[in-house]
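J.: Starting off with a structure, shown below.
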Amino acid sequence: MTENEMFEKAQEAIEKGDTETAVQLAKQGLEADIDGIELLNKGFIPGINKVGDLFGDGQLFLPELILSANAMQGVIEIINASLEKKGKKQKRGKVVIGTVEGDLHDIGKTIVVSLLKANGFEVKDLGRDVPVDRFIEEAEAFGANVIGTSALLTTTMTVQKELEEQLKEKGLKGKYKTIVGGAPVTERWAKRIGADAYAADATDGVRKIKELLVNN
Ligand code: B1M
């Protein structure tokens, strides 16, 4: 199978919610030495995005969305494990990260976590549905340099703004750099709420966090 055929089949497996095939393709791709992030970006992520579009248009319903999300989770576990295995040993800085309160979408955030670990960052992953207070408490306890938040719903993006406000209120704004991400989040939103950086994807996230720490 060529790489392009692999990407097409990966996309198809996610669209069909076929976990078994998706997981098998992820393993096959990694064995064939295709980069895990490339497999995600060119195969699996376009698949889940297509499902999201069909769901948004009312052409597909929640049970199908859940099946595709489950297939995606299976793939992420395999690819993330392979990324983390290749991880660099140097310690670049500490990042506390999570999906904001009210939001259960964690597939993208988990990819960001693995790529950060693979690049030598110490990461405290708070999971999903994380209240603002907890981001701050955990950052204090962990001695974090950066707080990263992911939001996938237009209704939960506002929690990223609340974090900026609370950091200011507590006099901690300068202490931690902040980075925001998630499908509806934009550079413009980041600027508007006063976040230090925005990342479009996991690779961009690692790049921006490295920049934040260099400029610290
Ligand atoms: Co939901 N969902 N969902 N969903 N879901 C969206 C977000 C939606 C756009 C679909 C649609 O209607 N077209 C829509 C939101 C509409 C809106 O807000 N305007 C939606 C909805 C409506 C809902 C529910 C309300 C549905 C319902 O119950 N009726 C419900 C909400 C639950 C809740 O959170 N309270 C819901 C539920 C779910 C599932 C549980 C079934 C499942 C999530 C499973 C899980 O995550 N464990 C799910 C899924 C899978 C999606 C879509 C289809 C795919 C999301 C995804 O995983 N993308 C999504 C459609 C879409 O986004 N196009 C959709 C792949 C992932 C790799 O990308 O998360 O964007 P992403 O992450 C990227 C970048 O954004 C970036 O890097 C990642 C890697 O490249 N990034 C960061 C992300 N975070 C970052 C942080 C950083 C840096 C970069 O630094 C800190």
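J.: Grab the helices (runs of 4 or more DSSP H) fully contained in the stretch 60-168, keeping just those with 2 or more residues being more than 24 Å from Ala13 (Cα to Cα) and open to solvent by less than 70 Å² (accessible area, probe 1.4 Å).
T.: Because the criterion is at least 2 residues that are more than 24 Å from Ala13 (Cα to Cα) and open to solvent by less than 70 Å² (accessible area, probe 1.4 Å), the helices (runs of 4 or more DSSP H) in the stretch 60-168 that meet it are 107-118, 132-142.
J.: Considering each of Gly102, Gly120, Gly74 in turn, give the residue that is within 11 Å of the ligand (Cβ to nearest atom) and small (Gly, Ala, Ser).
T.: Result of the check over Gly102, Gly120, Gly74: Gly102.
J.: Please go through the stretch 31-49 and pick out each residue that is open to solvent by 40 Å² or more (accessible area, probe 1.4 Å), away from the ligand (no atom under 14 Å from the Cβ) and hydrophobic (A, V, I, L, M, F, W, C).
T.: Hit for the stretch 31-49 is Ala32, nothing else.
J.: Please go through the stretch 1-28 and pick out each residue that is within 12 Å of Lys50 (Cα to Cα) and surrounded by fewer than 17 Cβ atoms within 10 Å (Cβ to Cβ).
T.: Glu12, Lys16
J.: Step by step: first the residues of the stretch 50-59, then only those that are assigned to a helix (DSSP H, G or I) and open to solvent by 80 Å² or more (accessible area, probe 1.4 Å), then the one that is farthest from the ligand (Cβ to nearest atom). Which residue is that?
T.: Checked the stretch 50-59; the qualifying residue farthest from the ligand (Cβ to nearest atom) is Lys50.
J.: Okay, moving on. Out of Lys177, Lys94, Lys109, I need the residue that is more than 12 Å from the ligand (Cβ to nearest atom) and basic (Lys, Arg). Which one?
T.: Lys94
J.: Just the residues that are within 9 Å of the ligand (Cβ to nearest atom) and either closer than 15 Å to Gly148 by Cβ or out of contact with any Leu (no Cβ under 9 Å at 6 or more places or on another chain) (or both), please, taken from the stretch 184-200.
T.: The answer is Val185, Ala197, Tyr198, Ala199, Ala200.
J.: Scan the stretch 109-131 for residues that are among the basic types (Lys, Arg) and at pLDDT 95 or above and jot them down.
T.: Lys109, Lys124, Arg128
The values are calculated or read from the model by the stated rules, or taken from the named source; none is laboratory data. What you are looking at is a predicted structure, and each value in this text was computed from that prediction instead of being measured. All Cβ positions, glycine included, derive from the backbone under ideal geometry; neighbour counts span all protein chains shown. The area values use the complete protein model at the heavy-atom level, side chains included, leaving out ligands, DNA and RNA. Shrake-Rupley method; radii C 1.70, N 1.55, O 1.52, S 1.80 Å.
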